[in-house]
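Participant: Have a look at the structure that comes next, please.
Just so it is clear, none of the values below were taken in a lab; they were calculated from the coordinates. Please read these numbers as outputs of a predicted model, since none were measured by experiment. Virtual Cβ from ideal backbone geometry, glycine too; neighbours counted across all protein chains shown.
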Ligand code: AMP
C-alpha cells in the first residue's frame, strides 16, 4: 500500500493577509509560508496508517517554486519516506495542479492519494476532485475517518447536518477534513534525519502538461471591516432599531 499526499505551500495561517495596492492579488512578499493545515492532517493520517502497518510507503508531493522544498522537508521530518517537487515558476491553477498530480499518480501508482479539503490561500476545494476525475478513480471528500480494508476503504464524510459513511474501491482520492486527526510536530532528531531522505525534483514542463492559466483575477479586495458595536438602553430601543434601522421586524 503506497500513499501519495498532496501538499501545498501557503501563507502561514497566523499571517495577516495584505492585498496588493493595485488589487491584483495578495502580497506574499516576506510573509511566513507553511504547509497548508489540511495537508498536514492528510500527511498525519498517511503516517498513522503506515505506523499501524496498513501502508508501506508515504510519498509527499508538491507543485511550486524551489522554496517549496521547505514544506517537503517538514513532511519528511514528520514521517514521509520521500518527496517529489514539481517545479513551476508560478503556482498553477487547481486544474493544472490536478493534471500534474494525475501524471505523478500514473507513474507512482499509489493505492491512496490524500489531499487537504481546501488550500487556505485560494479556498478552491477543487484539486482533489479534479485529480479524481482525470484519473477516473473513486473519491471521498471532507473525510473525518478512514478504514482501509483490502482493495476497499470506508470513509466517513462530514456532510451538512451529519456524517456519511461511504465505501470506495482503491485506488482512491480522499480530501480530508479538520476532525480526522491532530498532526504531530516534527522532533529535532527527525528534522535532522529528514535532510538525508530523498527529495526528487522535476520540472512541470517535463511532464508535458500545459499549465497556462485559464482564469483571470479581476479584482482582489480586503473584506469590509466590522462596525463597532453599541450599547442600547433597553429592550424597547432594541426593538425600535430592529424595526426602523435593520427593517427585520
Ligand atoms: P484547492 O483545490 O486549491 O483548495 O486545494 C485542495 C488541496 O489540493 C490542497 O489541500 C492540497 O492537498 C492540494 N493542492 C492544491 N494545490 C497544490 C499544489 N500546488 N501542490 C500540491 N498539492 C496541492
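Participant: I'm trying to understand the selection: among the residues of the stretch 1-25, which are touching a residue at least 60 places away in the same chain (Cβ under 8 Å) and within 18 Å of the chain's Cα centre (by Cα)?
Facilitator: Within the stretch 1-25, 3, 4, 5, 6, 7, 8, 9, 10, 11, 13 qualify.
Participant: Looking only at residues that are within 15 Å of the ligand (Cβ to nearest atom) and not in a loop (DSSP other than H, G, I, E, B) in the stretch 1-28, which one is surrounded by the fewest Cβ atoms within 10 Å (Cβ to Cβ)?
Facilitator: The qualifying residue surrounded by the fewest Cβ atoms within 10 Å (Cβ to Cβ) is 26.
Participant: Still on this structure: Between a first residue in the stretch 57-73 that is surrounded by fewer than 19 Cβ atoms within 10 Å (Cβ to Cβ) and a second residue that is in a helix (DSSP H, G or I), which pairs have beta carbons less than 9 Å apart while being 6 or more apart in sequence or on different chains?
Facilitator: 57/50
Participant: Looking only at the stretch 82-102, count every residue that is surrounded by fewer than 17 Cβ atoms within 10 Å (Cβ to Cβ) and more than 11 Å from the ligand (Cβ to nearest atom) and tell me the total.
Facilitator: Residues flagged as surrounded by fewer than 17 Cβ atoms within 10 Å (Cβ to Cβ) and more than 11 Å from the ligand (Cβ to nearest atom) within the stretch 82-102 amount to 2.
Participant: Right, something else. Which of the residues that make up the stretch 103-145 are under 18 Å from residue 84 (Cβ atoms), more than 12 Å from the ligand (Cβ to nearest atom) and either without any contact (Cβ under 8 Å) to a residue 60 or more places away in the chain or not in a helix (DSSP H, G or I) (or both)?
Facilitator: 106, 107, 109, 110, 111, 112, 134, 135 - these are the residues of the stretch 103-145 that are under 18 Å from residue 84 (Cβ atoms), more than 12 Å from the ligand (Cβ to nearest atom) and either without any contact (Cβ under 8 Å) to a residue 60 or more places away in the chain or not in a helix (DSSP H, G or I) (or both).
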